[in-house]
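Here the structure is laid out as structure tokens; the discussion comes afterwards.
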Amino acid sequence: MATWKSYWANNPKLFMRVMQNSTLYFSNKLLKFNLIAGSDKLLDYGCGPGNLADGLKGKIGSYYGVDISESYIQQANKKMGAFPEFHFIHLNTNNPFNELKQLSEQGQLFDCIIIFSVVQYFNSKDEVSTLLQNFKSLLKPTGKIILADILENEKGVWKDLWSICMHSFADGYFISFLFFVARLKFSNYNDVKNKYKLLHVSKEEVEEMCEKVGFACSILPKITLQKSRNSYCITL
């Protein structure tokens, strides 16, 4: 049975066009609501192949993307190689906090830390809480964490698909969306999902874990295409 890590390793392009457009929608919302600024230093946790970085070219001061997938990091470096303000770091799967600790020890502090569409693949809510705790040493006193695209339950799956479908029709990638749905259906995605589940975190649980590690938390307007999901602004 595959794990989430091996599933993405074996299906690196499955979500590519849909995720590119979903991420561009997200980056545009970040800018529209002034959640990031032109001089910001940004950390993107779970950066994938550099989709968010691509959407922020010329719009931020500097960017650091980190991911457990070496293949994605290689793709991101290739995509953004002409932009010296963009940096990508491969995280060690056995201890992904090592590289984050090294950034902290180097005195790297960030105006904004993005965690976009990643939490659902964590094993537990304790892991999310540990991640937030580790980010405290990387955040500027006036900085923020954008915890985005958080699933509360399974009820919004069809609402999310419909939202993406309508966006794909309006933005000209409807055929890609249909191919995505078909390939998803005939891959082993559901087998992996049934065994490892997707992590659901309620608004109350996000607030509780933020309070536990010493953060303030507020819910954001809908800034992702998946309209059933929540996003949060977390500050010191």
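A few points about this structure:
- Qualifying residue in the range 147-157 (condition: surrounded by fewer than 14 Cβ atoms within 10 Å (Cβ to Cβ), more than 18 Å from residue 46 (Cβ to Cβ) and at pLDDT 90 or above): no
- Exactly one residue out of 139, 100, 151 is within 24 Å of residue 216 (Cβ to Cβ), aliphatic (A, V, I, L, M) and in contact with a His (Cβ under 7 Å, 6 or more places away or on another chain): that is 151.
- Qualifying residues in the range 51-66 (those that are crowded, with 24+ Cβ neighbours inside 10 Å and of a type outside the set (A, V, I, L, M, F, W, C)) - the one nearest to residue 34 (Cα to Cα): 63
Conditions tested, residue by residue: (1) farther than 19 Å from residue 184 by Cβ; (2) over 17 Å from the mean Cα position of the chain (by Cα).
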{"residue": "127", "(1), (2)": "yes, no"}
{"residue": "131", "(1), (2)": "yes, no"}
{"residue": "141", "(1), (2)": "yes, yes"}
{"residue": "144", "(1), (2)": "yes, no"}
{"residue": "148", "(1), (2)": "yes, no"}
{"residue": "151", "(1), (2)": "no, no"}
{"residue": "158", "(1), (2)": "no, yes"}
{"residue": "167", "(1), (2)": "no, yes"}
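- Top-ranked residue in the range 112-123 [being of a type outside the set (A, V, I, L, M) and in a strand (DSSP E or B); ranked as farthest from residue 31 (Cα to Cα)]: 116
- Scanning the range 65-87 for residues that are touching a residue at least 12 places away in the same chain (Cβ under 8 Å), outside any helix (DSSP H, G or I) and among the aliphatic types (A, V, I, L, M), we see that the one that is nearest to residue 115 (Cα to Cα) is 66.
- Subset of the range 1-21 that is basic (Lys, Arg) and assigned to a helix (DSSP H, G or I) - its residue that is modelled with the highest pLDDT: 17
- For the range 124-148, a residue qualifies if it is of a type outside the set (S, T, N, Q), more than 20 Å from residue 194 (Cα to Cα), assigned to a helix (DSSP H, G or I) and touching a residue at least 24 places away in the same chain (Cβ under 8 Å), and the qualifying residues are 128, 131, 132, 135, 136, 138.
- Scanning the range 132-150 for residues that are of a type outside the set (Val, Ile, Thr) and more than 16 Å from residue 26 (Cα to Cα) yields 132, 133, 134, 135, 136, 137, 138, 139, 140, 141, 143, 144.
- If you go through the range 158-193 and keep only what is within 30 Å of residue 43 (Cα to Cα) and touching a helix residue (DSSP H, G or I) at 6+ places or on another chain (Cβ under 8 Å), you end up with 161, 164, 165, 167, 168, 171, 173, 176, 177, 180, 189, 192.
- Number of the exception - residue 83 against (1) over 14 Å from the mean Cα position of the chain (by Cα); (2) buried (at least 17 other Cβ atoms within 10 Å of the Cβ); (3) aromatic (Phe, Trp, Tyr); (4) modelled with pLDDT of 95 or more: (2)
- Index of the failed condition, residue 23 passing every other in (1) of a type in the set (S, T, N, Q); (2) closer than 23 Å to residue 138 by Cβ; (3) out of contact with any Leu (no Cβ under 6 Å at 6 or more places or on another chain): (3)
- Test: residue in the range 149-159 that is in contact (Cβ under 8 Å) with a residue 24 or more places away in the chain, within 16 Å of residue 226 (Cβ to Cβ), among the acidic types (Asp, Glu) and assigned to a loop (DSSP other than H, G, I, E, B): yes
- Residues in the range 26-60 that are in contact (Cβ under 8 Å) with a residue 40 or more places away in the chain and in a helix (DSSP H, G or I): 26, 29, 30, 52.
The values are calculated or read from the model by the stated rules, or taken from the named source; none is laboratory data. Because the structure is a prediction, the values reported are computed rather than measured. A quick note on method: Cβ atoms are made from the backbone with ideal geometry, for glycine too, and the neighbour counts reach across all protein chains shown.
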